[in-house]
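Nothing in this text is a laboratory measurement; each read-out follows from the coordinates by a stated rule. Only a predicted model underlies this, so the values are computations on that prediction, with no experimental measurement involved. Heads up, the Cβs are rebuilt from the backbone with ideal geometry, glycines too, and the neighbour counts pull from every protein chain shown.
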Amino acid sequence: MDYLIYKDESYYIIGLCMDVHKILGKGFSEAVYGDALAYELKVHGVPFTRETKFSIDYKGQKLAQQYVADFMIEEKIILELKAIEKLATTHIKQTLNYLAASKLKLGLIVNFGEDSLTYKRVVL
């Protein structure tokens, strides 16, 4: 039997992203989609933080540079927004690094830049 971590939460988030894409379509910047999604999350009562910073540990030392995730949903899901032609392996690796730094288990990468919304679940 397959088990999806945070299945209901992630489907709900993707649904809100689909609503945003349905209204705005493709062609806007990542920031515009982020503002629209922040509005949807707030209206629907989904707890989130935006541009959440995560420290990077190197040999027991926190580095000056930090990862900045687009959204952290319910303090358990990293949400990365893209507005590009197509998702690439580098986006998955970036999200895996965010998950490692944050100690969270699920990341969602959502791309508003295609004709239809695309997304990828990334599990650490």
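For the set Lys82/Lys103; Lys7/Lys82; Lys42/Lys62, the pairs lying more than 30 angstrom apart at their alpha carbons are Lys42/Lys62. Relative to the longest principal axis of the Cα atoms of the chain, helix 7-24 runs at roughly 50 degrees. Charged side chains reduced to their Cβ positions (Lys and Arg at +1, Asp and Glu at -1) give the chain a dipole of some 440 debye around its Cα centre.
Here the simple spin-label model places points 7 Å from the Cα toward Cβ, and for Asn97 and Leu4 these points are separated by 2.8 nm.
Remark: the Cα gyration tensor places the range 55-124 in the prolate category, a/c being 1.5 or greater and a/b exceeding b/c. When Met18, Met72 are arranged by Cβ crowding within 10 Å, least crowded first, meaning fewest neighbours, the order is Met18, Met72.
Along the axis of the charge dipole computed for the range 7-123 (Cβ charges of +1 for Lys and Arg, -1 for Asp and Glu, origin at the Cα centre), the listed residues Leu81, Gln61, Ala36 are led at the positive end by Gln61. Considering helices alone, the calculated mean residue ellipticity of the chain at 222 nm is -12000 deg cm²/dmol, with DSSP H runs of length four and up weighted by -39500 (n - 2.57) and normalised per residue. Estimated from the Cβ-Cβ distance and a Förster radius of 25 angstrom, the FRET efficiency linking Tyr58 and Ala88 is about 0.45.
Using only Cα atoms, locate the centre of the range 42-81 and the centre of the range 91-124, then give the distance between them in Å, rounded to an integer. Value for the Cα centre distance between the two parts: 12 Å.
Fully extending the segment from Glu74 to Ala31 would add 13.4 nm, taking 0.36 nm per residue of separation and subtracting the current Cα-Cα distance.
Residues considered: Gly27, Gly15, Gly60. Largest GNM mean-square fluctuation over the chain, using C-alpha springs under 10 Å, is found at Gly60. Residues considered: Glu80, Glu51, Glu30. Largest GNM mean-square fluctuation over the chain, using C-alpha springs under 10 Å, is found at Glu51. For the listed peptides 117-123, 6-12, a ranking on the average number of other beta carbons within 10 Å per residue, highest first, reads 117-123, 6-12. The angle separating the long axis of helix 89-102 from the principal Cα axis of greatest extent in the chain is about 60 degrees. Listed options for mean projected area of the Cα convex hull in nm² are (1) 8.4; (2) 10.0; (3) 10.9. The value calculated from this structure is the one marked (1).
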